[in-house]
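Have a look at this one.
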Amino acid sequence: MHMADPPLPPQYELRFQSLFDNGRGFAFPCDSQGRVDLDQLSEQARHNYLYARAVVGRELAVPAVKPGGGCFERLTR
């Protein structure tokens with residue numbers, strides 16, 4: 001029996017950092033251009049992603065593409 005290899009962590013993540021609380025924010029898997037595949041996110045991750053986009057400039061900084069760390073939505077609101 002052949003077992004599938006576990007998926008590799010994404011190479012990039014889109015990070016939304018808090019404007020007021022250093023170290024807090026959101027991170028989502030993306031491609032090198034910062035595009036997030038919404039179909040691959042869980043319902044909660046999709047909700048958090050849409051929330052993060054809606055509050056850019058008020059609660060969160062403009063997102064930045066960074067090398068992937070494999071840990072997403074790690075610092076929720």
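Within the stretch 33-49, can you find the residues that are farther than 22 Å from Pro67 by Cβ and in contact (Cβ under 8 Å) with a residue 24 or more places away in the chain?
Keep residues of the stretch 33-49 that are farther than 22 Å from Pro67 by Cβ, which gives 39, 42-44, 46-47.
Residue satisfying the conditions is Gln44 alone.
Oh, and also: Are there any pairs with C-beta distances below 9 angstrom linking a residue in the stretch 53-72 that is surrounded by fewer than 11 Cβ atoms within 10 Å (Cβ to Cβ) to a residue that is at pLDDT below 95 and polar (S, T, N, Q), with the two at least 6 apart or on different chains, and if so which?
Between residues of the stretch 53-72 that are surrounded by fewer than 11 Cβ atoms within 10 Å (Cβ to Cβ) and residues that are at pLDDT below 95 and polar (S, T, N, Q), the close pairs are Pro67/Gln11.
The values are calculated or read from the model by the stated rules, or taken from the named source; none is laboratory data. A quick note: this is a predicted structure, and the numbers were derived from the prediction, not measured. Virtual Cβ from ideal backbone geometry, glycine too; neighbours counted across all protein chains shown.
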